[in-house]
Amino acid sequence: MKYKLIIDKNAEEEIIAVVHAPSALTEQIENLVCNTSGSDCIIGYRDDEMRKLKFPEIECITIHDRKVIAIDERGDYYRIHDRLRDLEAVLPSYFIRINKSSLANEHCIARFDTVFGGGVDAVFRCGYREYVSRRCFSEIRRRYEGI
């Protein structure tokens, strides 16, 4: 397999992959290319502060009091001005839906805990906990079993 990267600030960006047959690798490459808008961060607001939040440092994006909130690796909460469904289209593929109102960075989930009544919570590295719906948990389970 050959790999070639040409950096030319004047040329239009394009990605071409020549393969013999589709595979898991070509699917990952396609997801990466299609889900990357060229930006690797979103703007978060807290009190009088405005901060660029890089995708890998965001652990969870959820809705609290009808506002979209991003929780970073330190457990700090930032208000996001975009809608959750718009963010889902922009975020990399390692952000997964865990319930109707939350997206999680799967690299930042420390564990899944069962709770009273048969439910499941995702526990993040920063200590934040969020409920995982049964429908989403079955999809997450299939995703992990495919690894």
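At a Förster distance of 41 Å, what's the computed FRET efficiency of Lys2 paired with Cys41, Cβ-Cβ distance as r, to 0.05?
On the way: r = 32 Å, r/R0 = 0.77.
Approximately 0.85, to the nearest 0.05.
For Phe116, Phe95, what's the fewest-to-most ordering of other Cβ within 10 Å of each Cβ?
On the way: Phe116 5, Phe95 21.
The fewest-first ordering by Cβ neighbours comes to Phe116, Phe95.
Specify the angular offset, from 0 to 90 degrees and rounded to the nearest 10, of the alpha carbon long axis of helix 134-145 from the longest principal axis of the alpha carbons in the chain.
The two axes meet at around 40 degrees.
Which value, in debye to the nearest 20, describes the size of the charge dipole of the chain about its Cα centre when Lys and Arg Cβ atoms bear +1, Asp and Glu Cβ atoms bear -1, and nothing else is charged?
Magnitude of the dipole: close to 460 debye.
Consider the candidate values (i) -0.28, -0.95, -1.41; (ii) -0.45, -0.93, -1.21; (iii) -0.24, -0.91, -1.45; state which one is log10 I(q)/I(0) by the Debye sum over Cα atoms at q = 0.08, 0.16, 0.22 Å⁻¹ computed from the structure displayed.
From the options (i) -0.28, -0.95, -1.41; (ii) -0.45, -0.93, -1.21; (iii) -0.24, -0.91, -1.45, the structure gives (i).
Taking trypsin sites (Lys or Arg not before Pro) as exposed when DSSP calls them loop (any state but H, G, I, E, B) and at most 16 other Cβ atoms lie within 10 Å, what is the longest stretch of the chain free of them, the sites themselves excluded? Please report the intermediate quantities before stating the final value.
On the way: sites that count: Lys2, Lys4, Lys9, Arg66, Arg74, Arg83, Lys100, Arg125.
Segment 10-65 is the longest.
Where a number appears in this text, it was derived from the coordinates with a stated rule and is not lab data. No experiment lies behind these values; they were computed from the predicted model shown. With ideal geometry, Cβ positions are generated from the backbone for all residues, glycine too; neighbour counts draw on all protein chains shown.
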